[in-house]
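Visitor: Can you keep this structure in mind? I'll have questions shortly.
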Amino acid sequence: MVGASLAGLQAAQTLRRDGFDGELTMVGDEPHYPYDRPPLSKHFLAGAWEEEKLRLRAAADPDALGLTWRLGTAATGLDLEAKRLELSEGPALGYDGLIIATGAAARTLPGCELAGVHVLRTLDDAVALRADFDGGPDHVVVIGAGFIGAEVAATARERGLAVTMIEAASVPLGRVLDRSSGEAIADLHRANGVDVRLGVGVSGMRSAGGRVTHVDLEDGSAIQTSVVVVGIGVVPNVGWLEGSGLTLDDGILCDETCLAAPSVVAAGDVARWPNARFGGAPSRVEQWDNAIEQGAYAARRLLAWLSTDPDLATDLAPFQPVPWFWSDQYDKKIQLAGIPTETAAVVHGSVQEQRFVKIYLDDAGLFVGALAWNRPRQAIQARQLLAEGASAEDARAKLAPAPA
Amino acid sequence: MKINVDFDLCESNAICMQIAPEVFEVRDDDFLYVLIDHPPAELHAKVREAVDRCPKQAISLAEDLPAPE
Ligand SMILES: Cc1cc2nc3c(=O)[nH]c(=O)nc-3n(C[C@H](O)[C@H](O)[C@H](O)COP(=O)(O)OP(=O)(O)OC[C@H]3O[C@@H](n4cnc5c(N)ncnc54)[C@H](O)[C@@H]3O)c2cc1C
Ligand code: SF4
């Protein structure tokens, strides 16, 4: 396994649970045992959790999986022909099967090298950002109103810091939610005292003595600040695979069973594969639950590939999950199952009471997604209904409140 | 095996119930109830999957704790 995080760890665990008793090596460039990323922008940044609490359950006892940990070691090259992995330290590693789960890295802007300017992807990033928050800065500027930016803004407000959130698009989360939900997110942040600036890009940052002092906007205005968080998306970690022969195009291109090459599978944020459920155009999914589900699937795919038992291979259906993610901001739990569209209907609760479920229909009127706002149970129920291919009427009826 | 749920973390999304309904139940009051603290061996695989898939990492297991007599 390359990438010692959510998808890689789940793959290792699945291999063991499914009876693989051969040698396993986990190569990870971070110095830490696998930890959970979602709390980095939430409990950890808030100061409520310490590092120990972040460790993924499956790595609580690092010896339990009977694998060799190569932490603090990066994979630097891959020879598919010779089945060898080059490492930043020590001799190359031969393999029979390879699981690539190198995830993604935060996208950066010119200015990210300045003191006070942060991205948030790793524990080390979170430790640095938290230290700056602890210093009680006068002002925090968040560039990008995606999930990471929005969660950081919420946590900063909860810590009593003044926050400006800047987004080049006309709504927050435009890439992942429908327009009116994006607007609801903007309202939520405004109601909590964030200065939300939409439809304006950042033209640059200024500094003094190596530390950021101003963020300049394209409309000519400037914001004075000593702390900036850049949350403008991620890029898959594939640089080390250049020239390996794998198809690299916004991630590692896989077939519908997550196979990237003979004896090589990929999973998690780095994998791009065609999900037949959504017409089969290859895409990447940057979601926690997908990393787990795909990590487990990829491990089984690899076992099937390596096995001489023909049943193992034919039993495996293509990987076609229903996407699902959550984001916690202030006291709101926002969850999306499936895909959003601009044709939505509230089927449970109301937007006014800030507890509701709305379903999304595609152009043909088919049920393709649902958004749950402070309704976690209905989000999971909607995901199940999507997996079953429920009709819009069915979804409407089943997601409605139970009659009293 | 003994199951522990951190109810401060649990958000009652019922993912665990989908995986192991014999063990976990989220009722209409939106609270999670653990039906069997010491699940029998045939449920262990499902319970472990529920532990992995809980997005709040709210479920933990003491693997080597046998059920009390
Ligand atoms: C702050 C934050 C909050 C989040 N909140 C949510 C949320 O609320 N809900 C949700 O659904 N999702 C959330 N996510 C997304 C979720 O955490 C990711 O989808 C998930 O971590 C992906 O797991 P992964 O194993 O594919 O990749 P990653 O977790 O990115 O792990 C990849 C690992 O591989 C390592 N690596 C990279 N290159 C190499 C190399 N060449 N050699 C060795 N190792 C390498 C990386 O350093 C990293 O440790 C959040 C992410 C972040 C950063
Ligand atoms: S999966 Fe986790 S958060 Fe969800 S109901 Fe079960 S214990 Fe609670």
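The values are calculated or read from the model by the stated rules, or taken from the named source; none is laboratory data. Here the structure is a predicted model, which means the values were calculated and not measured. Cβ atoms come from the backbone with ideal geometry, glycine included; neighbour counts cover every protein chain shown. Areas reflect the complete protein model, heavy atoms only, side chains present, ligands, DNA and RNA absent. Shrake-Rupley method; radii C 1.70, N 1.55, O 1.52, S 1.80 Å.
Yes/no per residue for (1) under 28 Å from A:Gly47 (Cβ atoms); (2) within 16 Å of ligand 1 (Cβ to nearest atom); (3) within 14 Å of chain B (Cβ to nearest Cβ):
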| residue | (1), (2), (3) |
| --- | --- |
| A:Pro137 | yes, no, no |
| A:Thr155 | yes, yes, no |
| A:Ser203 | no, no, no |
| A:Ile223 | yes, no, no |
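Visitor: If you check B:Glu11 against the conditions, is it within 16 Å of ligand 1 (Cβ to nearest atom), among the charged types (D, E, K, R) and touching a residue at least 12 places away in the same chain (Cβ under 8 Å)?
Guide: When the stated conditions are applied, B:Glu11 passes them.
Visitor: If I go through the range A:266-294 residue by residue, how many of them are buried (at least 17 other Cβ atoms within 10 Å of the Cβ) and more than 19 Å from the chain's Cα centre (by Cα)?
Guide: So the answer is 1.
Visitor: Which residues, taken from the range A:82-104, are in contact with a Gly (Cβ under 9 Å, 6 or more places away or on another chain), touching a residue at least 24 places away in the same chain (Cβ under 8 Å) and assigned to a strand (DSSP E or B)?
Guide: Listed by number, the residues that qualify are A:Leu85, A:Leu87, A:Ile99, A:Ile100, A:Ala104.
Visitor: So, restricting to strands (runs of 3 or more DSSP E) that lie completely within the range A:332-404, which ones have at least 2 residues that are over 22 Å from the mean Cα position of the chain (by Cα), more than 16 Å from ligand 1 (Cβ to nearest atom) and more than 14 Å from chain B (Cβ to nearest Cβ)?
Guide: A:343-350, A:355-361
Visitor: Scan the range A:247-289 residue by residue and report those that are closer than 22 Å to A:Gln384 by Cβ, assigned to a helix (DSSP H, G or I) and modelled with pLDDT of 95 or more.
Guide: Within the range A:247-289, A:Trp288, A:Asp289 qualify.
Visitor: Filter the range A:14-38 for residues that are part of a helix (DSSP H, G or I) and open to solvent by 20 Å² or more (accessible area, probe 1.4 Å); which is nearest to A:Leu65 (Cα to Cα)?
Guide: Applying the filter and picking the extreme gives A:Arg16.
Visitor: Restricting the range A:75-88 to residues that are out of contact with any Leu (no Cβ under 7 Å at 6 or more places or on another chain) and hydrophobic (A, V, I, L, M, F, W, C), which is nearest to A:Ile252 (Cα to Cα)?
Guide: Among those residues, the one meeting the criterion is A:Leu80.
Visitor: Looking at the structure I just gave you, is A:Ala299 within 14 Å of chain B (Cβ to nearest Cβ) and at negative phi?
Guide: yes
Visitor: Now, a different point. From A:Asp18, A:Asp36, A:Asp29, which residue is charged (D, E, K, R), within 14 Å of chain B (Cβ to nearest Cβ) and near ligand 1 (Cβ under 9 Å from one of its atoms)?
Guide: A:Asp36
Visitor: Within the range B:7-21, is even one residue within 11 Å of another protein chain (Cβ to nearest Cβ), touching a Phe, Trp or Tyr at 6+ places or on another chain (Cβ under 8 Å) and open to solvent by 50 Å² or more (accessible area, probe 1.4 Å)?
Guide: The answer is yes, given that some residue of the range B:7-21 is within 11 Å of another protein chain (Cβ to nearest Cβ), touching a Phe, Trp or Tyr at 6+ places or on another chain (Cβ under 8 Å) and open to solvent by 50 Å² or more (accessible area, probe 1.4 Å).
Visitor: Another one. From the residues in the range A:39-81 that are within 12 Å of chain B (Cβ to nearest Cβ) and in a helix (DSSP H, G or I), which one is farthest from A:Arg16 (Cα to Cα)?
Guide: Looking at the filtered set, the residue picked out is A:His43.
Visitor: Has the range A:115-124 got at least one residue that is outside the structural domain of A:Val285 (by TED's automatic domain parsing), assigned to a helix (DSSP H, G or I), surrounded by fewer than 19 Cβ atoms within 10 Å (Cβ to Cβ) and acidic (Asp, Glu)?
Guide: Yes, the conditions are met somewhere in the range A:115-124.
Visitor: OK, next. Cβ-Cβ below 8 Å, separation at least six or inter-chain, first residue in the range B:38-58 and more than 12 Å from chain A (Cβ to nearest Cβ) and closer than 13 Å to B:Asn4 by Cα, second of a type in the set (D, E, K, R) and part of a loop (DSSP other than H, G, I, E, B): which pairs?
Guide: From the range B:38-58, the pairs are B:Pro39/B:Glu22.
Visitor: Turning to a different aspect of this structure: Of all residues in the range B:22-34 being outside any strand (DSSP E or B) and of a type in the set (A, V, I, L, M, F, W, C), which is nearest to the other protein chains (Cβ to nearest Cβ)?
Guide: This residue is B:Phe31.
Visitor: Have a look at A:Ala162, A:Ala105 and point out the one that is open to solvent by 40 Å² or more (accessible area, probe 1.4 Å) and either touching a strand residue (DSSP E or B) at 6+ places or on another chain (Cβ under 8 Å) or within 16 Å of ligand 1 (Cβ to nearest atom) (or both).
Guide: A:Ala162
Visitor: Do you know which of the residues in the range A:142-159 that are open to solvent by 10 Å² or more (accessible area, probe 1.4 Å) and part of a loop (DSSP other than H, G, I, E, B) is farthest from A:Leu336 (Cα to Cα)?
Guide: A:Arg159
Visitor: Do you know which of the residues in the range A:179-204 that are part of a loop (DSSP other than H, G, I, E, B) and within 19 Å of A:Gly233 (Cβ to Cβ) is most open to solvent (accessible area, probe 1.4 Å)?
Guide: If we take residues in the range A:179-204 being part of a loop (DSSP other than H, G, I, E, B) and within 19 Å of A:Gly233 (Cβ to Cβ), then A:Gly199 is most open to solvent (accessible area, probe 1.4 Å).
Visitor: Filter the range B:35-49 for residues that are open to solvent by 30 Å² or more (accessible area, probe 1.4 Å) and either part of a loop (DSSP other than H, G, I, E, B) or within 16 Å of ligand 1 (Cβ to nearest atom) (or both) and give the result.
Guide: Listed by number, the residues that qualify are B:Leu35, B:Ile36, B:Asp37, B:His38, B:Pro40.
Visitor: Can you find a residue that is at pLDDT 95 or above and either over 25 Å from A:Ala154 (Cα atoms) or among the aliphatic types (A, V, I, L, M) (or both) anywhere in the range A:324-335?
Guide: Looking through the range A:324-335, at least one residue is at pLDDT 95 or above and either over 25 Å from A:Ala154 (Cα atoms) or among the aliphatic types (A, V, I, L, M) (or both).
Visitor: If I ask for residues that are in contact (Cβ under 8 Å) with a residue 40 or more places away in the chain and closer than 19 Å to B:Asp28 by Cβ, which ones from the range A:349-374 would you list?
Guide: Result: A:Gly349, A:Val357, A:Asn374.
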